[in-house]
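The values are calculated or read from the model by the stated rules, or taken from the named source; none is laboratory data. Computed from a prediction, not measured in an experiment: that's the story for all the values here. Heads up, the Cβs are rebuilt from the backbone with ideal geometry, glycines too, and the neighbour counts pull from every protein chain shown. Just the protein is used for accessible areas: all its heavy atoms, side chains included, with ligands, DNA and RNA removed. Shrake-Rupley method; radii C 1.70, N 1.55, O 1.52, S 1.80 Å.
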Amino acid sequence: MMGDKQIIPVVAGALMQADGQFMLGSRPAGKPYPGYWEFPGGKVEAGETPYQALVRELDEEMGIAVSHATPWLRRVHHYEHASVELLFYRVWAWQGEPQPHEGQSFAWQQPGQLSVQPMLPANAPILRALQLPNVLNISCVHELGRDAVLEALAQRDDEPWVIVREPQLDREQLAALVGEISQIVHARGGKLIVNADPAWIKGWPVDGVHLTAARLAALQQRPAHFAWVGASCHSRAELERAAELGLDYALLGHVLATASHPDAAPLGWDGLAAITAPAAPLPVFAIGGLTAANLDEARRCGAHGVAQMRAAWQ
């Protein structure tokens with residue numbers, strides 16, 4: 001409750017294509033914000049689970065039968081007419097062709113390149129989340145060596161997102177490494193994020209900064225001057241804090257046994273799902289003993305994607 005205003009549970013589904021495109025629908029006449037674009041969905045009825053509501057709403061609204069969807073994000077938004085708790089799912093498979101059962105329009109969109117406007121206000125963080133990759137790659141120079149990492153990166157043919165995490169380097173050494181990695185990553189259209197003190201890397205050729213859990217705890221506001229800001233988290237409380245500060249993503253783990261934390265018990269898949277349930281407050285990348293091959297399992301447990309370290313450079 002907010003004062004005497006009830007928070008209405010709502011589900012929404014992002015229909016996803018293999019190339020990353022997603023579907024938006026326009027709000028029909030007779031509803032608040034007519035003509036605005038949004039992710040299809042609607043209210044959770046009494047006695048329904050959110051997933052059941054998603055299946056029903058997409059059937060009623062566009063005539064499709066959802067066969068595979070995973071929990072993704074939770075947002076609370078306060079409109080003039082109502083306060084809503086939005087649970088977003090990504091819908092990976094369905095039967096039928098979407099049809100405008102309520103007189104609306106549908107449009108496939110490319111992340112970061114919207115061709116329809118205006119957007120429903122609550123959806124801005126969701127649209128930004130769709131620009132994130134499926135996999136984050138964490139540098140491993142301290143184990144594999146600089147040449148091995150640079151060579152492996154140079155051989156990639158995708159648009160990699162790389163987090164440089166090399167705590168053994170001083171500022172001058174880190175700057176040199178970041179400069180080399182930046183040339184390769186940016187030439188391929190990727191993004192470069194550095195795990196370091198934000199004051200160190202201001203003005204460097206980077207796209208963002210990654211915060212340790214300790215830096216997140218000490219933070220009072222989102223670091224300025226960075227397009228992308230993420231943090232390492234280990235609990236729901238830390239996820240909520242990262243979301244409160246307007247961060248773009250979190251690494252959550254460790255999920256499986258990993259050489260980086262040999263003496264710490266892993267969360268396991270059930271532990272990951274328990275922390276993210278019913279949906280994470282910001283995009284979560286599962287980390288710890290994982291590779292891109294674990295992507296489907298991570299999504300089933302509420303993660304946006306996975307972060308990999310050693311496997312990224314093999």
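When segment 208-217 is limited to residues that are of a type in the set (G, A, S) and either open to solvent by 20 Å² or more (accessible area, probe 1.4 Å) or touching a Lys or Arg at 6+ places or on another chain (Cβ under 6 Å) (or both), the one that is nearest to M309 (Cα to Cα) turns out to be A213. One residue alone among G41, G35 is in contact with a strand residue (DSSP E or B) (Cβ under 7 Å, 6 or more places away or on another chain) and buried (at least 20 other Cβ atoms within 10 Å of the Cβ), and that residue is G41.
A quick yes/no check of all residues on (1) open to solvent by 40 Å² or more (accessible area, probe 1.4 Å); (2) in contact with a Leu (Cβ under 6 Å, 6 or more places away or on another chain); (3) among the aromatic types (F, W, Y):
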residue: R171; (1), (2), (3): yes, no, no
residue: L177; (1), (2), (3): no, no, no
residue: I184; (1), (2), (3): no, yes, no
residue: V194; (1), (2), (3): no, no, no
residue: V206; (1), (2), (3): no, yes, no
residue: R222; (1), (2), (3): yes, yes, no
residue: H225; (1), (2), (3): yes, no, no
residue: A231; (1), (2), (3): no, yes, no
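L127 passes every criterion in (1) buried (at least 17 other Cβ atoms within 10 Å of the Cβ); (2) touching a residue at least 24 places away in the same chain (Cβ under 8 Å); (3) of a type outside the set (D, E, K, R) apart from (2). Checked against (1) open to solvent by 20 Å² or more (accessible area, probe 1.4 Å); (2) touching a residue at least 12 places away in the same chain (Cβ under 8 Å), Q113 passes all but condition (2). Within segment 252-280, residues that are under 17 Å from C301 (Cβ atoms) and without any contact (Cβ under 8 Å) to a residue 60 or more places away in the chain reach partners that are of a type in the set (S, T, N, Q) and in a loop (DSSP other than H, G, I, E, B) with beta carbons closer than 8 Å, at six or more positions or on different chains, in the pairs H254/S260; P266/T258; I275/S235.
Take the conditions (1) open to solvent by less than 20 Å² (accessible area, probe 1.4 Å); (2) touching an Asp or Glu at 6+ places or on another chain (Cβ under 7 Å); G13 misses just one of them, which is (2). If you take the residues in segment 260-314 that are among the hydroxyl-bearing types (S, T, Y) and open to solvent by 30 Å² or more (accessible area, probe 1.4 Å), which one is nearest to S235 (Cα to Cα)? My answer is S260. Of the strands (runs of 3 or more DSSP E) contained entirely in segment 208-309, not one carries at least 2 residues that are among the acidic types (D, E), under 20 Å from S139 (Cβ atoms) and modelled with pLDDT of 95 or more. Applying the condition of being assigned to a helix (DSSP H, G or I) and open to solvent by less than 60 Å² (accessible area, probe 1.4 Å) to segment 54-104 and asking which residue is farthest from V44 (Cα to Cα) yields M62.
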